[in-house]
Amino acid sequence: MPPSAALGDGSAAGPPPGYHRTVRRIEAFLLLVGVTAVWGWTFTVVREAVAVWGVVPFLAVRFLVAAAAVLAVWGRRLDRRTLITGAGIGLVLAAGYLLQTWGLRFTTASNSGLITGLFVVLAPVADRIVNGTRHRPAVWISVAVSFAGMALLSGTGAEPLNRGDLMTLGCAVAFGLHIALLARFSPRYEARALAAAQIVGCAVIFLVAWPFTAPVELPPRTVWFALALTGLVASALAFFIQTAVQRHISAAATALILTMEPVFAALFGRVLGGERLGPLQLAGAGLILTALIGAQLAELKTGPAGAAQPMERGRPK
C-alpha cells in the first residue's frame, strides 16, 4: 500500500516528514545488530579453528584476507603518514587479537565473549591514563562491578581464573588501550584510511611472526570457513557496515548496541558448542552485562569522546 493510501485521504502526498530518516535508522540498527551477532558467533567458530591449526598462522591468514579486502575498497585513501600511524596503533590491536585467540584454546567461547566485552569499561581507565579524560563516577562503578562479575565467572568466585580467562582479560586491556590511542589520533586522520592501515599493520605483524611460531603451510580445509568468516565478514564487511551505520546512529547508541556481543557469544556457545554456565557464572555474566550497559548509559549522558571509540575500533572477532 502506498503511503498516501495509508493516510486515507486519497492524496498523492509523499511520506510524512522524517519517514525516510526513520527507515534508514531502523535499517542501520538491524544491520548493526547483525554485525554484533556475527561477532558473537565467531567466538565459537574461532575456538574450533585454533584447536586444529596454530593461533599465529590463523591470525596471519585471517588478517591477510581482511587487508586485501579493505585495500581493494579504501586503499586509495592511504598515505604514508596514515599507514605509519595506523601500523603503530595496530601493534596494540594485534596484541589484543593474539591474546584473545590464544585464550580461546583454554577457555569457553562464552567466557571469552564476556571477558572481551570488558574493553568497554576498561577503555575509560586507559583513556584517563593516556589522555587525562575525566569520566563520571558511574563509569568507575561499572569497572568495579565488571570485575566482581569476572570473579564469579571463574566458576566459584574464589578460585583464580584459568589461563585462558587471564589471556582474554589481557586482550580486553589491549583493546581498551587501543580505544584510548584512537581517541588521541583518530581526529587527525581519515577514519577509513586509519582503520585500513591498522588491519594492514596486523596482517604484516602476524605474517612476519608466522615462520617463528609454526611451519608455513596452507591452512587445513576445516578452517577455511573460519578464515573467510572472520576475514571477510567479521572484519572487512563488518567495518564497512559500521562506517555506513555511523551516519544514521549516534556513536554512543552504537556502542550500547555492541555491548550485546557477549550475549550472542554465550548464545552461540550454548547452541553450537554445548557450553553451560553454572549459577555463579550466570550471576557473574549478569554483573558483567550490567556493567557494560551501565558504562554506556553513563557515556550517553556525558557524551565524551570515549563513547564513540568502541565503534571506531572496527575489530573483527
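The values are calculated or read from the model by the stated rules, or taken from the named source; none is laboratory data. Since the model is a prediction, treat every value here as computed from it, not as a measurement. Don't worry about glycine lacking a Cβ; one is built from the backbone with ideal geometry, like all the others, and counts go over all protein chains shown.
The table below gives the values:
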| quantity | calculated |
| --- | --- |
| Top-ranked residue of segment 261-317 - restricted to ones that are among the basic types (Lys, Arg) and within 24 Å of residue 237 (Cβ to Cβ), ranked as modelled with the lowest pLDDT | 313 |
| Top-ranked residue in segment 20-57 [being hydroxyl-bearing (Ser, Thr, Tyr) and buried (at least 24 other Cβ atoms within 10 Å of the Cβ); ranked as nearest to residue 231 (Cα to Cα)] | 42 |
| Within segment 76-120, tally of residues that are in a helix (DSSP H, G or I) and within 18 Å of the chain's Cα centre (by Cα) | 26 |
| Among the residues listed as 209, 195, the single one being more than 13 Å from residue 83 (Cβ to Cβ) and of a type in the set (Gly, Ala, Ser) | 209 |
| Number of the condition not met by residue 215 [criteria: (1) in a helix (DSSP H, G or I); (2) modelled with pLDDT of 90 or more] | (1) |
| Complete set of residues in segment 51-67 that are more than 20 Å from the chain's Cα centre (by Cα) and not in a loop (DSSP other than H, G, I, E, B) | 57 |
| Set 53, 39: member being out of contact with any strand residue (DSSP E or B) (no Cβ under 9 Å at 6 or more places or on another chain), in contact (Cβ under 8 Å) with a residue 12 or more places away in the chain and under 20 Å from residue 236 (Cβ atoms) | 39 |
| Residue in segment 183-196 that is farther than 30 Å from residue 74 by Cα, at pLDDT 80 or above and assigned to a helix (DSSP H, G or I) present | no |
| Segment 121-133: number of residues that are in contact (Cβ under 8 Å) with a residue 60 or more places away in the chain and not in a helix (DSSP H, G or I) | 1 |
| Tally of residues being more than 15 Å from residue 63 (Cβ to Cβ) and either part of a helix (DSSP H, G or I) or touching a helix residue (DSSP H, G or I) at 6+ places or on another chain (Cβ under 8 Å) (or both) across segment 218-246 | 11 |
